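What follows is a short report on a single structure.
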Amino acid sequence: MAPTSAIDFASLKESGNALFKQGKFQDALDLYSQALALVAVDQDKSAVLKNQAACYLKLENYEKCNAVSSQALELSPNDPKALFRRCQALEKLGRVDEAFKDARKAAHAEPGDASIKEALVRLKKKIDEASKKQASTDQKVTDMLNFLHTETDKEKRRLAANNLIVLAREKAGAELLVAKPQVLEKMVKLLRDPKLDAEVRLTIVRTLGEILKGDPARVRKSQCCVTTHDKSDWIGRTNPVAT
């Protein structure tokens, strides 16, 4: 005769499955949590964790889905269900590259699964679109900096400088600017030009301030381009650059 805990575990798991089918995801999750407290076998634990992940997906708690799917994968590293559920959670969290890696592993483990194939196509498309957008943004940054260096029309130079500060105020934009040393170098070179238009100078200083403020990692990356002397020279033209 099976131990009472094993019977309780099976009963809780099956009741949880029934509730899940009825769309009662939170109630199912509660039973799976109780079952998890009783389980001793890794295979059973992995199964319950995958069921929990399915509940979290339905409840749109993608962080928890990612976490419990990862726990299941620690026990069963190539499990296609755990991989695919984590893939779905990561996609919802905007972590498309990671989601694609999981989808590819899941497809390798379960090559006939139509849902996984569909996810692979969708994620590949998102990655390609993001790459194109990144390339386009890179080109825009290059064009703006070239404009600042070569354009003689003051209004056009001011417009280019304003576009840079708009980009720097977005986290992704600031990361892009600081990831390219040549971008910072060009801005610093412009600021060292005594003939630079005062309004353009002010905008570039503010752009650098937006890039560096409140982010020690960005400040460290900028050290190769922005010297203490530069900061001292610019201070007073606008708000101090955070260090």
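The values are calculated or read from the model by the stated rules, or taken from the named source; none is laboratory data. Everything quoted here is computed from the prediction, not taken from an experiment. Backbone-built Cβ (ideal geometry, glycine too); neighbour counts: all protein chains shown. Calculation scope for accessible area: heavy atoms of the full protein, side chains included, ligands and nucleic acids excluded. Shrake-Rupley method; radii C 1.70, N 1.55, O 1.52, S 1.80 Å.
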If I filter the range 78-92 for residues that are closer than 18 Å to residue 122 by Cβ, open to solvent by 60 Å² or more (accessible area, probe 1.4 Å), in a helix (DSSP H, G or I) and of a type in the set (Lys, Arg), do I get at least one hit? yes
Answer yes or no: is there a residue in the range 57-72 that is among the aliphatic types (A, V, I, L, M), farther than 24 Å from residue 111 by Cα and at pLDDT below 95. no
Restricting to the range 160-181, count the residues that are over 21 Å from the mean Cα position of the chain (by Cα) and open to solvent by less than 30 Å² (accessible area, probe 1.4 Å). 4
Can you tell me how many residues in the range 99-153 are modelled with pLDDT of 80 or more, open to solvent by 60 Å² or more (accessible area, probe 1.4 Å) and touching a helix residue (DSSP H, G or I) at 6+ places or on another chain (Cβ under 6 Å)? 3
Hey, could you check the range 16-55 for residues that are open to solvent by 30 Å² or more (accessible area, probe 1.4 Å) and among the aromatic types (Phe, Trp, Tyr) and say which is nearest to the chain's Cα centre (by Cα)? 25
